[in-house]
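Read the structure below first, then the notes.
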Amino acid sequence: AKREGGGRIRLFRPEMGERVLARQRDKADLRTAVTDGHLVLHYQPIVDLATSAATGAEALVRWQRPGHGLLGPGEFIGLAEETGLIVPLGNKVLAGACEQAMRWREQGRALSVTVNVSTRQLSAPAFLPSLDRVLKTTNLPPERLTIEVTESVWADGAAMRGLMEVRETGVRVALDDFGTGYSSLSYLQRYPFDVVKIDKSFTGALADTGRTAGVVRCIIDLAEVLGAHTVAEGIETQAQADWLRNAGCAYAQGYLFGRPDLPENWDAQPSVIR
Ligand code: C2E
Ligand code: CA
Ligand code: CA
Ligand code: CA
């Protein structure tokens with residue numbers, strides 16, 4: 001404790017107190033964002049590497065925060081997970097993405113939609129019922145929806161059981177950022193996945209060493225053995241796309257094909273989730 005000019009006792013350094021206050025403010029603002037429709041979904045095309053045509057789109061959440069601009073998920077998903085706000089936030093994202101997929105359908109575009117679901121969200125008992133509800137209200141065929149989880153799901157029994165129940169409804173399941181977390185061949189062969197996503201750290205290093213190319217080839221072969229298809233992330237150059245196609249990777253996403261963007265740049269629909 002430090003005695004100040006005014007005689008007040010400070011138990012924390014001022015910066016610490018400010019940090020606690022800022023966190024409380026962030027949390028309150030994020031809660032408001034979820035309820036008041038300040039979350040925005042951008043969509044990035046997922047293309048068939050054989051034709052470069054989009055077959056689907058990944059929904060990536062942003063926060064239109066008054067006075068702060070458009071924030072990327074790296075700036076608030078951590079806080080959402082710590083505070084439990086990830087559950088209502090995730091439900092908004094899920095509903096918004098399914099509605100968007102239906103709008104595309106109505107416009108004659110057969111795009112499936114892909115949503116990131118955090119392990120914490122998946123382990124909540126309400127996840128499956130809310131997923132069912134969204135599919136019912138939007139009327140989206142379940143096989144048009146893919147949920148993406150990371151390997152951290154394997155460390156959480158409840159989340160893993162939830163995931164397998166999700167898969168039984170016909171919704172597809174993708175393993176995101178494959179090879180960067182707790183990859184385990186034992187889990188991989190025990191639990192079925194429909195899609196394996198090759199992380200952009202591999203794609204970015206393809207040209208650097210033969211080792212990376214060898215590892216990526218193995219991931220593609222492994223996925224095939226397991227009956228999953230592969231989506232490579234972070235494709236920025238035609239050389240990467242060509243290499244991956246030749247190596248047998250079926251799908252890809254990355255700036256080469258399209259940046260995450262508002263759906264009004266895909267169609268003329270409003271993008272704010274309400
Ligand atoms: P992710 O699922 O691995 O998403 C891919 C990230 O790579 C996105 O970043 C995307 O903008 C970026 N990206 C796409 N193509 C390229 C490329 O060619 N080059 C490079 N350098 N980057 C590319 P973003 O949108 O900032 O999202 C970051 C992460 O936030 C996502 O990583 C995902 O884990 C998480 N996230 C996004 N939306 C949600 C959500 O609704 N719920 C949850 N739980 N997590 C989300
Ligand atoms: Ca993802
Ligand atoms: Ca990813
Ligand atoms: Ca990633």
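Values computed for the structure shown
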read-out	value
Odd one out for Pro125 among (1) away from ligand 4 (no atom under 16 Å from the Cβ); (2) more than 23 Å from Glu82 (Cβ to Cβ); (3) surrounded by fewer than 17 Cβ atoms within 10 Å (Cβ to Cβ)	(2)
Considering residues of region 155-190 that are within 16 Å of ligand 4 (Cβ to nearest atom), open to solvent by 40 Å² or more (accessible area, probe 1.4 Å) and not in a strand (DSSP E or B) only, the residue nearest to Gln253 (Cα to Cα)	Thr180
Any hit, region 191-210, residues being surrounded by fewer than 16 Cβ atoms within 10 Å (Cβ to Cβ) and assigned to a strand (DSSP E or B)	no
Scan of region 93-121 for residues that are of a type outside the set (Gly, Ala, Ser), within 16 Å of ligand 4 (Cβ to nearest atom) and touching a residue at least 40 places away in the same chain (Cβ under 8 Å), ordered by number	Thr114, Val115, Asn116, Thr119
First in region 55-80 and within 15 Å of Pro263 (Cα to Cα), second anywhere and assigned to a loop (DSSP other than H, G, I, E, B) and polar (S, T, N, Q), Cβ under 7 Å, 6 or more apart	Glu58/Gln253
Identity of the residue in region 128-154, assigned to a helix (DSSP H, G or I) and of a type in the set (A, V, I, L, M), that ends up nearest to ligand 4 (Cβ to nearest atom)	Val153
One residue from Thr209, Thr146 being among the polar types (S, T, N, Q) and touching a residue at least 24 places away in the same chain (Cβ under 8 Å)	Thr146
Given (1) hydroxyl-bearing (Ser, Thr, Tyr); (2) within 16 Å of the chain's Cα centre (by Cα); (3) within 16 Å of ligand 3 (Cβ to nearest atom), number of the condition Ser112 does not satisfy	(3)
Yes/no for Glu82 being in a helix (DSSP H, G or I) and acidic (Asp, Glu)	yes
Some residue of region 235-245 being without any contact (Cβ under 8 Å) to a residue 24 or more places away in the chain and farther than 30 Å from Leu70 by Cα	yes
Output for region 223-261, where each listed residue is closer than 11 Å to Ile46 by Cβ and aromatic (Phe, Trp, Tyr)	Tyr251, Phe257
Candidates Thr119, Thr114, Thr137, filtered to the one that is of a type in the set (S, T, N, Q), surrounded by fewer than 19 Cβ atoms within 10 Å (Cβ to Cβ) and either under 21 Å from Lys197 (Cβ atoms) or more than 16 Å from ligand 1 (Cβ to nearest atom) (or both)	Thr137
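Conditions tested, residue by residue: (1) away from ligand 3 (no atom under 16 Å from the Cβ); (2) more than 30 Å from Arg133 (Cβ to Cβ).
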| site | (1), (2) |
| --- | --- |
| Ala174 | no, no |
| Val225 | yes, yes |
| Gln240 | no, yes |
| Gly248 | yes, yes |
| Arg259 | no, yes |
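The rows are residues; the columns are (1) outside any helix (DSSP H, G or I); (2) touching a strand residue (DSSP E or B) at 6+ places or on another chain (Cβ under 6 Å); (3) open to solvent by 30 Å² or more (accessible area, probe 1.4 Å); (4) farther than 23 Å from Arg109 by Cβ.
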{"position": "Asp29", "(1), (2), (3), (4)": "no, no, yes, yes"}
{"position": "Thr51", "(1), (2), (3), (4)": "yes, no, yes, no"}
{"position": "Gly78", "(1), (2), (3), (4)": "no, no, yes, yes"}
{"position": "Asn91", "(1), (2), (3), (4)": "no, no, yes, yes"}
{"position": "Leu94", "(1), (2), (3), (4)": "no, yes, no, no"}
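The values are calculated or read from the model by the stated rules, or taken from the named source; none is laboratory data. Keep in mind it's a predicted model, so treat the numbers as computed, not measured. Cβ sites come from the backbone with ideal geometry, for glycine too, and all protein chains shown count toward neighbours. Ligands, DNA and RNA are stripped out before the accessible areas are found, and what is left, the full protein with its side chains, is counted by its heavy atoms. Shrake-Rupley method; radii C 1.70, N 1.55, O 1.52, S 1.80 Å.
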